[in-house]
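Since the structure comes first, as structure tokens, the remarks are kept for the end.
The values are calculated or read from the model by the stated rules, or taken from the named source; none is laboratory data. Quick caveat: nothing in here was measured; it's all calculated off a predicted structure. A quick note on method: Cβ atoms are made from the backbone with ideal geometry, for glycine too, and the neighbour counts reach across all protein chains shown.
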Amino acid sequence: MIQDVFGLPVNLASPFDFSFLGRYGRPFCVFYAPASGTVSFGTESREYGRLLCRFAGAPMEDTWLTPGQAADNLRNAAPLYTALRHKALPQLLGQGEVAGGYMLLFRWPEGENISSAEVKKRLRHQPLIARLQLLDRVFDFHLHCANQGYTAVGFDSEKVMYDFATGETTVFDIDLYAPAPAVNTIGQMPGSARFRSPEEYEPGAPIDSLTVQYNMAALAFDVLGRDGLQYADCWTASPALYAVAARAMHPDRGQRYPGIGAFLYAWRDAVKHSTVY
């Protein structure tokens, strides 16, 4: 069902009272993260300026989590935004129980979610150097996570915002990230199918830096290819960069780079020797 929330259409499994959002200003946009069962609103007021309100506890459609599970995950994720502090993450301003669920308040990261078809189309018209910088910011954040002992879980393009005016890139949903190495305990793991590695379908399989480089390469095909297709004739960057991304997405884990650090080293070396303007 579609529920009107302050004039915004919100896709829910059943009605939910979002009136609490009014205390933070007027919501001006909404987007979803089905992997974590959350809904996020941009709000604006004279008192607070622009905020990003991430809420879990509403009955969302297209998620494998119950509202209670999603709220627990968001509550448990709050410390990650401190432990994994990085220029790619929005600033966490506050958190707490509200409306039977849980909410995190962030300073608003200017930009647009790159998962939408409209934004992807605009992104394809950005200069190659701008798209490479977007990718490098996301890759660098995940190398930072690995260095801090964490691995990405459920990553896809819905977790990334891009500001066309400034080129700033933000990763805003790390709720399911886990201490490394993680293990697939559920079979099909959350996230878009286009980003899921073979081990993210296999119970008992390791979810580690080899998995993360697969996810990062999938993002590269999303940003530098067409609709995520892994074909050379859809690729808009150099053949050397295509070769790095293709190796990182190899279905055989043993054929990928030894880790996210080795992947990023190879990627940056290929960028350095490519024509990017």
Single unsatisfied condition, residue 189 versus (1) touching a helix residue (DSSP H, G or I) at 6+ places or on another chain (Cβ under 6 Å); (2) in a helix (DSSP H, G or I); (3) at pLDDT below 95: (2)
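Matching residues to (1) of a type outside the set (Asp, Glu); (2) assigned to a loop (DSSP other than H, G, I, E, B); (3) closer than 19 Å to residue 249 by Cα:
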position	(1), (2), (3)
133	yes, no, no
138	yes, no, yes
154	yes, yes, yes
185	yes, yes, no
194	yes, no, yes
203	yes, yes, no
212	yes, no, yes
215	yes, no, yes
218	yes, no, yes
Enumeration of residues in segment 165-181 that are in contact with a Lys or Arg (Cβ under 7 Å, 6 or more places away or on another chain) and more than 14 Å from residue 70 (Cα to Cα): 169, 171, 172
Of the criteria (1) more than 16 Å from residue 124 (Cβ to Cβ); (2) surrounded by 15 or more Cβ atoms within 10 Å (Cβ to Cβ); (3) of a type in the set (Phe, Trp, Tyr), which one residue 221 fails: (1)
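Would you confirm, using the coordinates I've provided, whether residue 85 is within 19 Å of residue 172 (Cα to Cα) and assigned to a loop (DSSP other than H, G, I, E, B)?
yes
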Only listed residue being among the hydrophobic types (A, V, I, L, M, F, W, C) and modelled with pLDDT under 95, chosen from 138, 98, 153: 153
Residue satisfying all of: in segment 201-227; small (Gly, Ala, Ser) and within 26 Å of residue 178 (Cα to Cα); farthest from the chain's Cα centre (by Cα) among these: 204
Pairs, first under 15 Å from residue 222 (Cβ atoms) in segment 242-261, second surrounded by fewer than 14 Cβ atoms within 10 Å (Cβ to Cβ), C-beta under 8 Å, six or more apart: 242/232
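For every residue, the table says whether it meets (1) over 28 Å from residue 218 (Cα atoms); (2) outside the structural domain of residue 173 (by TED's automatic domain parsing); (3) not acidic (Asp, Glu).
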{"site": "26", "(1), (2), (3)": "yes, yes, yes"}
{"site": "34", "(1), (2), (3)": "no, yes, yes"}
{"site": "39", "(1), (2), (3)": "no, yes, yes"}
{"site": "88", "(1), (2), (3)": "no, yes, yes"}
{"site": "123", "(1), (2), (3)": "no, no, yes"}
Some residue of segment 41-61 being crowded, with 16+ Cβ neighbours inside 10 Å and in a helix (DSSP H, G or I): no
